[in-house]
Each structure stands twice: as C-alpha cells, then as structure tokens.
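Structure record follows, encoded as structure tokens.
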Amino acid sequence: MDLKLKANKNLLGIISFILIGSVLSYIYLAPFLEFKNTMFLRLDWHKEFQQIGATWASIAKYHEFPFWNPYTKGGNFLFAHPESEVLSPETIFILIFGPITGMYYSVLFYYILGFIGCYFIGRHLKLSYLGTLYLAIVFTFSSYVMNNLFMGASMWKPFGYIPFMFYFLLKAENNWRYGIAAGFFHALTYFAGAIYIFMLFVPFSGVFVLSKIIAERNIKYVKGFAVFLIFSFLFASLKIIPNLDIYSVNQRGSPVETPIPFGLDLMKKAFLDKHQAWDIVSGYTYKGVNFHFPSYGDYIGIIPALLAMLGLILFFRNFSWALALVGSSLLYLSDFEPFSFIWVALHSIPPYMALTRPARSVIFLALMIAVIGAIAISKIDKIKIKNSKMLGISKTVLIAAVVLFVFTDLAKSSYIITENFQPWPMQEGLVKWEEPLEYYTFYERINLSDQEIQILEANYFRSFSHFDTLSNKGSIKGVYDPMSLPEAAVKSKGNPDYKGEYYFDNPANAEIELIKRTANKISLKVKAKEDNLLLINQNYHKAWKSKEGYEIINNDGMVAVKIPQGEHIVNLYVFQNKVLIGLLLFSIGLILGIYFFLDMYRSKKTVLDNL
C-alpha cells in the first residue's frame, strides 16, 4: 500500500511539473515564439536554418536519410557534421510543423524538458516540492540559453538534457549502472549538435565527482564516472566515428584567446544585470578586451545568488557542494586573468583544441547555484512550526511568492533580450522550391540591387543560404561553416565560369541527361564518343560512390567520374563506411546497457521478494 501511494505521489509530481514547466516555458518564450513564421533572424541563424532545411529536404522531399548536405559551398556531410541535429527531437518537429516553425517549437520543447529533468534532481536530493520548483526555475530560465539564441548560437538549445545527465550522474555514486544512463543522455546532446555541452560537461562532471570524493573520502564514485565516460563514447560513436571523415580534413584548431581581465564589477554585470549589453552584436569592451555577453554572461539575479550563499551556510558540514561550486566557478573563470592557466591546460587536450571561450561552461555554474539555493529553500520549507498552523501556511505562501518572483525576474531578462532580436517578416517569393537542385544563390536569383544588399548586410543578415536551401538551390556567397570540407572549384549559376551541375571535361561529342537528383544521390544518362571525365558540381570526398563501380577521383576538389566510351547510366551516391563502425559501437553500448539495467532490476526484485 505504501509503495502504491508513493508511486501515485511521484506520478502526480511528474505530471504537475510537466504542466507547470509547459506554462512557464511558454510565458518565458512567448516573445521569441512570435517570430515562428520567419527565418529573418540576424547573425548566425542562417547556419541553423540551413542545416534544418537540408535535413527537412532530405527526409520530406527526397525520402532518404540525410547523409549529405549538397547546398552549401559545394556540399558537406550532414549527419556526420558535428553541429547537425539529425538524431534529435528537432527533426520530428520540423517534419510535423515545417522547417521554420518546427525550429521554434523545438526550443519550447527543450525548455520544458530541462524543467522536467530538474524534478528528478530534486527528488534524488530529497528536496521539498517548492525547493524543486525553485531549482527548475533558476536553472531553466537563467538567461544563458536565451543569450545564445539572440546570437543564433543554436547549439545551446539541447540544454534540456543537462538535468537528466546530472541526475543519473548523482545516482551513479551509489550504483555505477546509472552511469550508463548518464552516458546515454550525454550522447543525446552530441546527436543534437550541442558540442560545447557535450565537451564541457566532462570536466564539470569530473570536478563534481572529485569534490564528492574529497568531501566524503570515498573513491567508489570513480566507478560510476568511468562507466559514464565509456558508455557516452559507445552511444555517441554513432555520430563521432562518421565525424572523423570531416576531422581528417578540417581539425578546426582554435588558438587560446586573450584572457579577459577579471573584475567584480564585470561579474556583477554578467550575473546581476538583466539588461546586460544588448546591441546587435552584444559587444562590450572591458579594460580593452571584448566581453562577449552571449558566451560569458548569464543573468541569474540577486535572490538566487543570496540563496546559494545561504545554502552553503546551512550545509557547511557537507562541503562537497561548496567544492563543486568552487570547481565549476574556476572552470568558468578560466577565461579570465589570472585563472587562464586552467583553460590553457585543458585546451592542450586534442578534442578541446577546437573549442573557444571556456566561460561557456557558465551553464553548469548556474546549475550548481540553482541546486544549492534549492537546498536552502527546501531546508526552510521543511521547518515545522508548532502550535501555529497559520504561521506554517504563511511560511509556505511566502516561499512560493519568492519562487514566483524569481521566475518573473528571469522572464523580464528574456523579454529584454528578445526585444533586441528585431526580426524581419518573410516576404513573398523568397522561398520557392524548384527542381532540379542547382547552384543559384539568393543574391543572384532574387536580383537585388547593391543598395538592397547593403541594407541587408548592415542589419546583420549576412547569408541567405537557408533561403536557398528551402528553394532547392545551392549557396556559395556568404556561407559560414566552421567545419566545411576543403573548398573546390564549385561554381554558381550567374558566374561566367559556371558550366552546369554536371558536365564533361571534354564536352565535344558528349551528352548528359539528368534522370534524378536527390540530396544524397545523382542519376545520369551519359553518352561519350571517347573516354571522358564527368565532373559533378560538388565537393569531392571518398564517401562518394558509384553503383556501377566507375572510378571516382578528386579533380580540383570536385567529384569527377571516369567514363568509358559509349552510353551509360551513372548512379552516384554518398555513404560513409564509418557509419557502420559507429552503428556497431552504439549497438554494443545499447546491448550492454540493457543487460546491466535488467540485471540491476532483477536484483532489486529479488530483494523485495525476500522481504
């Protein structure tokens, strides 16, 4: 009976958190969701919408898995691109609501998901309901993710997985098998293109586990942490191994940036000023160095900061949380003098050489501040006031008012940030799907005047690759991709040297007829009166294959097929053999994970049966 009552109570708790999280997330994001019918957002949003558009085109238009993105700079891997979101809930949303509106709804989904995840953290830590609610509000609605949405740094959308990663990491202290679940959710962030969350969670979780080991003088947590790392790799291998095809030609090595001078006034502005520094690029110069607010700032507010201090005082004997807070603070401060030596050391590890701005780990610092403040709220909430029911009710109402005030304060920051988006409405004719796919960029096909182009660029609309993609056109001009393949001699219609999407090196006495073109495949009927070289207006990579076995070579960075004399059907397609290796490792992780969890629940059942 007690077990049934507990199960019903937990179910009600989850349902209430889903409902509350949905309502609060919608309120928080309401101004942002008003843009849901436009792609005219500034700065890096073109990159996000372009990848979304390519994924949507592959699945919805061509009914194939999105291995290849043929639309930018001559093509690149799509599924295997580190920032792709093919294996994420966002893909479901864009298939249901379309490639524009679906993106906005996916943001709402991740906010709700993060809010719900905090419920499990609160339950594990035995927080009161109001304490757990406070934790969810502070973590989910601190401004860092909205800061990045302002800039179009959409890789932070999947932050909703973080509470689940942390929850299972907490449980792995006493049962290493939960490290498997932590690894699974960690891998999901990588599937969703959240590279910084994926990479920075590792040192953060290492700091947290080390803090627990030091405070409790018990190294058993190491086992759970090791299992987390192993299974994270096994699950994420499904994408990591194919990624190697890009990393083999583009390591994206990034130098350590100039450290920012540290100052308490700067920290106050970063964490306690809801207005921060919002202009179109959110630039702010501090002692001669650019303080990039979307990467470094995270409005939390004075009350969460004070409650975190109170939580440390109330739990001074359990100083593992204090150590974790200090450790996560140092990870954030490694972007500043005199703490930059921490990042220099971490940056020397190969996977981290491609990263910049370690202050982006501030989202984990916000989690620690939220958890420690929630501990204080919960401690106060659980205090029993004898002989005065009215005082007890008043105390609960007061705590609830504080929690609601914190949400209102954080929502104000979101609304201030959103006011600075200043999107433009979509205009008729900017997106028009046309077959077949060809390189014909926005500037050329829309026939804009020089003055119109200057107005667009002055307002930080620097690329229109996303408009081209949804029109089934390829882009070269203004395209930004930090992990692009080496640039080839790919040309766009309107360029005097453009010869078409498919042409022979020696066009005399040769014919080409397009049978079918999709994102991953090209089918042609060709006729050559002598041996010839068929050139494809796409970047070369060994992942290009011929169904008929024709030899494919690299010709000035472009795909080239050796065609013998005669009439032939040529079927080209993209497939990475490394996908099979990644699938094998993922399957091993999945099978082992299921086995260990079934073994754990069998053991629990045996214990219950013997009671």
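The values are calculated or read from the model by the stated rules, or taken from the named source; none is laboratory data. Bear in mind the structure is a predicted one, so any value in this text is a computation, not a measurement. Heads up, the Cβs are rebuilt from the backbone with ideal geometry, glycines too, and the neighbour counts pull from every protein chain shown.
For the range 186-208, the tally of residues that are surrounded by fewer than 24 Cβ atoms within 10 Å (Cβ to Cβ) and free of Cβ contacts under 8 Å to residues at least 60 places away in the same chain stands at 3. For residues in the range 412-438 being polar (S, T, N, Q) and touching a helix residue (DSSP H, G or I) at 6+ places or on another chain (Cβ under 7 Å), which is farthest from Tyr502 (Cα to Cα)? Only one residue tops the list, namely Ser414.
Kindly indicate whether any position in the range 354-368 is part of a helix (DSSP H, G or I), out of contact with any strand residue (DSSP E or B) (no Cβ under 7 Å at 6 or more places or on another chain) and modelled with pLDDT under 90. There is at least one residue in the range 354-368 that is part of a helix (DSSP H, G or I), out of contact with any strand residue (DSSP E or B) (no Cβ under 7 Å at 6 or more places or on another chain) and modelled with pLDDT under 90. Per the listing Ser484, Ser465, Ser475, the residue uniquely in contact with a His (Cβ under 7 Å, 6 or more places away or on another chain), within 27 Å of Gly253 (Cα to Cα) and of a type in the set (Gly, Ala, Ser) is Ser465. So which residues in the range 509-521 are hydrophobic (A, V, I, L, M, F, W, C), crowded, with 16+ Cβ neighbours inside 10 Å and within 14 Å of Asn472 (Cβ to Cβ)? Listed by number, the list holds a single entry, Ala519. What about Ile246, is it assigned to a helix (DSSP H, G or I), in contact with a helix residue (DSSP H, G or I) (Cβ under 6 Å, 6 or more places away or on another chain) and among the aliphatic types (A, V, I, L, M)? Criteria not met by Ile246. Would you confirm whether any residue within the range 36-49 is touching a strand residue (DSSP E or B) at 6+ places or on another chain (Cβ under 6 Å), outside any loop (DSSP other than H, G, I, E, B) and of a type outside the set (A, V, I, L, M)? Taking every residue of the range 36-49 in turn, at least one turns out to be touching a strand residue (DSSP E or B) at 6+ places or on another chain (Cβ under 6 Å), outside any loop (DSSP other than H, G, I, E, B) and of a type outside the set (A, V, I, L, M).
The set of residues from the range 554-564 being on the phi < 0 side of the Ramachandran plot and surrounded by 13 or more Cβ atoms within 10 Å (Cβ to Cβ) comprises Asn554, Asn555, Met558, Val559, Ala560, Val561, Lys562, Ile563. Residues in the range 420-467 that are of a type in the set (Ser, Thr, Tyr), modelled with pLDDT of 85 or more and more than 17 Å from Leu43 (Cβ to Cβ) were compared, and the one that is surrounded by the fewest Cβ atoms within 10 Å (Cβ to Cβ) is Tyr440. Scan the range 477-493 and give yes if some residue there is under 18 Å from Asn520 (Cα atoms), polar (S, T, N, Q) and either in contact (Cβ under 8 Å) with a residue 24 or more places away in the chain or touching a Leu at 6+ places or on another chain (Cβ under 6 Å) (or both), otherwise no. Yes, there is a match, as at least one residue in the range 477-493 is under 18 Å from Asn520 (Cα atoms), polar (S, T, N, Q) and either in contact (Cβ under 8 Å) with a residue 24 or more places away in the chain or touching a Leu at 6+ places or on another chain (Cβ under 6 Å) (or both). Elements of the type strands (runs of 3 or more DSSP E) sitting completely within the range 495-611 and holding at least 2 residues that are of a type outside the set (Lys, Arg) and more than 38 Å from the chain's Cα centre (by Cα): these cover 502-504, 510-517, 521-528, 532-539, 566-574.
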